[in-house]
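The values are calculated or read from the model by the stated rules, or taken from the named source; none is laboratory data. Just so we're clear, the structure is a prediction, and the values are computed from it rather than from any experiment. Here Cβ is always computed from backbone atoms with ideal geometry, including for glycine, and neighbour counts include all displayed protein chains. The accessibility values were calculated without ligands, DNA or RNA, using every heavy atom of the protein model including side chains. Shrake-Rupley method; radii C 1.70, N 1.55, O 1.52, S 1.80 Å.
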Amino acid sequence: MTARKKRSARLTFCQTVLALQSLAAFFATLVLWGLDRAGEVSIPGPVLWGGGLGMVVLLGYAAGQQKRRWGLALGWALQVPMLLGGFIEPDIAVIGAMFLLTWLAGVRLGGRIDRERAEYDAAAEAAAGEVA
C-alpha cells in the first residue's frame with residue numbers, strides 16, 4: 001500500500017486566506033452599504049454592490065485557482081483592492097493590511113513547510129533504500 005501524497009501547505013494556507021478574505025469583503029460591502037444609507041459615504045448602489053460582490057466572487061475564484069501556476073499571482077493582485085478600499089473607509093485598509101500580512105505568511109511559511117517535507121521524504125527514501 002502506497003502512502004497518500006501530502007497536500008501542499010502553501011496551497012492550503014493560500015486557499016484559506018483567500019476564502020476568509022472573501023468573507024471579509026462581503027462584510028465590508030455590508031458596512032459600506034450601511035454607511036451609505038446613514039449618509040456617511042456616498043456610493044451609488046450598483047457600484048457598491050457590483051464592486052463588493054465582484055470582489056467576493058473574485059477572491060473565491062482565486063482561492064479555487066491556487067493549484068494553477070497563475071493562481072498565486074492572482075492572489076497577490078487581489079490584495080491591492082482591499083488596501084485601496086481605505087480611500088472609501090480607512091478600516092477596510094486596516095483589514096486589507098492584516099490579510100496582506102496573513103497572505104505573505106501563508107506563502108512564505110507554506111513554501112518552507114513544503115520544502116522541508118520534500119527534504120524529509122527524500123531522506124526517508126534514501127534511508128529506506130540503504131536498508132533494503
Within segment 59-101, the residues that are free of Cβ contacts under 8 Å to residues at least 60 places away in the same chain and touching a Phe, Trp or Tyr at 6+ places or on another chain (Cβ under 7 Å) are Gln79
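Can you find a residue that is in contact with a Cys (Cβ under 9 Å, 6 or more places away or on another chain) and among the aliphatic types (A, V, I, L, M) anywhere in segment 82-93? Spell out how you get there, then give the answer.
Initially, segment 82-93 is screened for residues in contact with a Cys (Cβ under 9 Å, 6 or more places away or on another chain), giving none.
So far as segment 82-93 goes, no, none of its residues is in contact with a Cys (Cβ under 9 Å, 6 or more places away or on another chain) and among the aliphatic types (A, V, I, L, M).
Scanning segment 1-36 for residues that are of a type in the set (Gly, Ala, Ser) and in contact (Cβ under 8 Å) with a residue 40 or more places away in the chain, which turns out farthest from Arg115 (Cα to Cα)? Steps first, answer last, please.
We begin by selecting, within segment 1-36, every residue of a type in the set (Gly, Ala, Ser); these are 3, 8-9, 19, 22, 24-25, 28, 34.
Imposing the further condition that a residue be in contact (Cβ under 8 Å) with a residue 40 or more places away in the chain reduces the set to 8-9, 19, 22, 24-25, 28.
Details: Ser8: 10, Ala9: 10, Ala19: 24, Ser22: 28, Ala24: 31, Ala25: 32, Ala28: 36 Å.
Within segment 1-36, the match that is farthest from Arg115 (Cα to Cα) is Ala28.
From the residues in segment 10-43 that are polar (S, T, N, Q) and open to solvent by less than 30 Å² (accessible area, probe 1.4 Å), which one is nearest to Pro90 (Cα to Cα)?
Quick first cut of segment 10-43, residues polar (S, T, N, Q) only: 12, 15-16, 21-22, 29, 42.
Keeping just the survivors that are open to solvent by less than 30 Å² (accessible area, probe 1.4 Å) gives 21-22, 29.
Numbers: Gln21: 17, Ser22: 18, Thr29: 13 Å.
The qualifying residue nearest to Pro90 (Cα to Cα) is Thr29.
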